[in-house]
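The values are calculated or read from the model by the stated rules, or taken from the named source; none is laboratory data. These figures come from a predicted structure and were not determined experimentally. All Cβ positions, even for glycine, are placed from backbone atoms using ideal geometry, and neighbour counts span all protein chains on display. Note: areas computed on protein heavy atoms with side chains; ligands, DNA, RNA excluded. Shrake-Rupley method; radii C 1.70, N 1.55, O 1.52, S 1.80 Å.
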Amino acid sequence: MIVLKLGGSAITDKDRPETLDGQSLAAATDAIASSFGADGDGAVDELVIVHGGGSFGHHNASEHGVTTTAGSRDPAAIHDIHGAMTTLNEFVLSRLLERDVPAVPVHPFSAAHRDADGELALPSGQVETLVGEGFVPVLHGDLVAHVGEGATVVSGDELVAELACSLDADRIGLCSTVPGVLDDADTVVPEIGSFDAVADVLGESESTDVTGGMAAKVQALLELDAEASIFGLEGIERFLAGENPGTTVQ
Ligand SMILES: Nc1ncnc2c1ncn2[C@@H]1O[C@H](COP(=O)(O)OP(=O)(O)OP(=O)(O)O)[C@@H](O)[C@H]1O
Ligand SMILES: C=C(C)CCOP(=O)(O)O
């Protein structure tokens, strides 16, 4: 079982609200299509995809003052933010379907919630069953009901971390707009074993981002038992083939 996140910054133009990066999304979905269901060694047949928001959720959430901890009880705000994410989800699904990947949507807003402490509960039975039936479930960063807050943002990275545990994933990959975690000299750090070792170079996203950029990503991955990779678009095919492109977080 592989859990792969397509970062919003990799598949959208993060600086222009609700703008797809069509070329990058095509490259990502080409890479997935050539690995999923392929014959021979290393073929991928159990895959869950999660995508982030990029320019399709962060701008909306930011305008409404909604983050992973500060929520909203305004139905219009909720429709706006969730609607932006389902629009992007439709684009991702259609590009995958065009390439014969049996992709189907799973919307976290309808399934997950946070308790009063912000702990996320995400059922995974539907995802596991869909995978067992030959589908590729495609989840996305979204809003979730949050006790005492209305609804707050859940990032794709958080969903990946939850699914990795509940599905006991063998491999976890995060594709972003960078080729991995970069050091001061913009060189890819091959391995990260502790947050302190890289805290100085880890920052937020350069674009509007309500979920914490690279620092939050690394923190979420360090909490997992399994190792995870962070890589750029060019790394997807290698990752799906069993290699460790970019940065390995363990
Ligand atoms: N040390 C670092 N190495 C690499 N990127 C970093 C670093 N520090 C901060 N960043 C920023 O983190 C960004 C990646 O995080 P971001 O949350 O934007 O990624 P994403 O998951 O692809 O997008 P989204 O959150 O929209 O799904 C990079 O584009 C870069 O601007
Ligand atoms: C902003 C929203 C609604 C989702 C963000 O998901 P992410 O891009 O994975 O952080």
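Odds and ends about this structure:
- Some residue of region 95-107 being open to solvent by less than 10 Å² (accessible area, probe 1.4 Å) and either in a helix (DSSP H, G or I) or out of contact with any Leu (no Cβ under 7 Å at 6 or more places or on another chain) (or both): yes
- Scanning region 68-85 for residues that are assigned to a helix (DSSP H, G or I) and touching a residue at least 40 places away in the same chain (Cβ under 8 Å), we see that the one that is surrounded by the most Cβ atoms within 10 Å (Cβ to Cβ) is Ile81.
- Only residues that are away from ligand 1 (no atom under 16 Å from the Cβ), of a type outside the set (A, V, I, L, M) and crowded, with 17+ Cβ neighbours inside 10 Å were counted across region 108-158, and they come to 10.
- Hey, Gly65 in a loop (DSSP other than H, G, I, E, B) and of a type in the set (Gly, Ala, Ser) or not: yes
- Against the numbered list (1) open to solvent by 30 Å² or more (accessible area, probe 1.4 Å); (2) touching a strand residue (DSSP E or B) at 6+ places or on another chain (Cβ under 9 Å), Asn89 comes up short only at (1).
- Long-range neighbours under 7 Å by Cβ, at least six apart or interchain, first residue more than 14 Å from Ala103 (Cα to Cα) within region 120-137, second assigned to a helix (DSSP H, G or I): Leu120/Glu158; Leu120/Glu162; Leu122/Pro108; Leu122/Leu159; Leu122/Glu162; Ser124/Leu163; Ser124/Ser166
- Top-ranked residue in region 184-202 [being within 9 Å of ligand 1 (Cβ to nearest atom) and surrounded by 12 or more Cβ atoms within 10 Å (Cβ to Cβ); ranked as nearest to Arg16 (Cα to Cα)]: Leu202
- Being open to solvent by 50 Å² or more (accessible area, probe 1.4 Å) and either modelled with pLDDT of 95 or more or on the phi < 0 side of the Ramachandran plot (or both) is a property that Asp13 lacks.
- Thr19 passes every criterion in (1) within 13 Å of ligand 2 (Cβ to nearest atom); (2) in contact with a helix residue (DSSP H, G or I) (Cβ under 8 Å, 6 or more places away or on another chain); (3) modelled with pLDDT of 95 or more; (4) open to solvent by 10 Å² or more (accessible area, probe 1.4 Å) apart from (1).
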